[in-house]
Amino acid sequence: MPDCRLYLITPPAFDPAPFAEDLARALDAGDVAAVQIRLKDVPDETILRAAEAILPVAQSRGVAVLMNDRMDLARRAGCDGVHLGQGDGDPVAARKLLGPEATIGVTCHASRHLAMEAGEAGADYVAFGAFFPTGTKQVQHHATPDILEWWSEMFELPCVAIGGITAANCAPLVRAGANFLAVVGAVWNHPEGPAAGVRAMNAAIAGA
């Protein structure tokens, strides 16, 4: 496996059935480690319907599916794990709810302290960012590649880089030691379609 892999996050809004077809094409286009379902400010039923469409597509291809923020919905939907923001509960509670096999990730912004706390609490990976400006959320925390270098030298736990990452700007993050690159727009908004977006990201990772 490559040292750095692609971690797809869903677009901010989508229609589950056509999206499942786009996702299948994207996953068939190249290496993807995981898909995170991230839908904000929508009813639980909308999130669960999205999960129902996404899970069979991803899991049949050996790609893990994580639920953003909501460990309760991760369990209800049958996801492979959960990605927790700083205000979304702690890894210990998530582990208790989701079991020993679940993948639990934690947003750590640009904080070494938060990352160490997450590791001690049993997280399976820590996420740093945002590294670049992004259209998907208001950026309050700016990270630089040196935090990836520090983390990968000090700790075995994998780290994810997130925030405005594209094929054009990702090389310094790969070289700094990111184990995963979390992307939204670089794949879903690619002018030639999501499959081309996955191919471009994987080529950029390989070329870094």
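Selection of region 72-122 for residues being in a loop (DSSP other than H, G, I, E, B) and among the hydrophobic types (A, V, I, L, M, F, W, C) yields CYS79, ALA102, CYS108, ALA110, ALA121. Of all the listed residues (THR103, THR134, THR144), the sole one being in contact (Cβ under 8 Å) with a residue 40 or more places away in the chain and farther than 18 Å from PRO158 by Cβ is THR134. Of all residues in region 184-203, none satisfies being modelled with pLDDT of 95 or more and under 22 Å from PRO91 (Cβ atoms).
The residue pairs whose first member lies in region 178-190 and is in contact (Cβ under 8 Å) with a residue 12 or more places away in the chain, whose second member is in a strand (DSSP E or B) and of a type outside the set (A, V, I, L, M, F, W, C), and whose beta carbons are closer than 6 Å, counting only pairs six or more residues apart or on different chains, are PHE180/ARG5; PHE180/TYR7; ALA182/TYR7. Looking at region 125-208, the helices (runs of 4 or more DSSP H) lying wholly inside it that each contain 1 or more residues that are over 24 Å from ALA29 (Cβ atoms) and out of contact with any Gly (no Cβ under 7 Å at 6 or more places or on another chain) sit at 145-154, 171-176.
Looking only at residues in region 32-84 that are over 26 Å from GLY197 (Cα atoms) and acidic (Asp, Glu), the one that is surrounded by the most Cβ atoms within 10 Å (Cβ to Cβ) is ASP72.
You will find that of ALA94, ALA127, ALA123, ALA118, the residue that is within 25 Å of LEU73 (Cβ to Cβ), out of contact with any Phe, Trp or Tyr (no Cβ under 8 Å at 6 or more places or on another chain), surrounded by 17 or more Cβ atoms within 10 Å (Cβ to Cβ) and in contact (Cβ under 8 Å) with a residue 40 or more places away in the chain is ALA127 and no other.
Restricting GLY164, GLY197 to residues that are in contact with a Ser or Thr (Cβ under 6 Å, 6 or more places away or on another chain) and surrounded by 18 or more Cβ atoms within 10 Å (Cβ to Cβ) narrows the list to GLY164.
The values are calculated or read from the model by the stated rules, or taken from the named source; none is laboratory data. In this text the structure is predicted, and so the values were computed from the model without any measurement. When we count neighbours, we look across all protein chains shown, and the Cβ atoms used for this are built from the backbone with ideal geometry, even at glycine.
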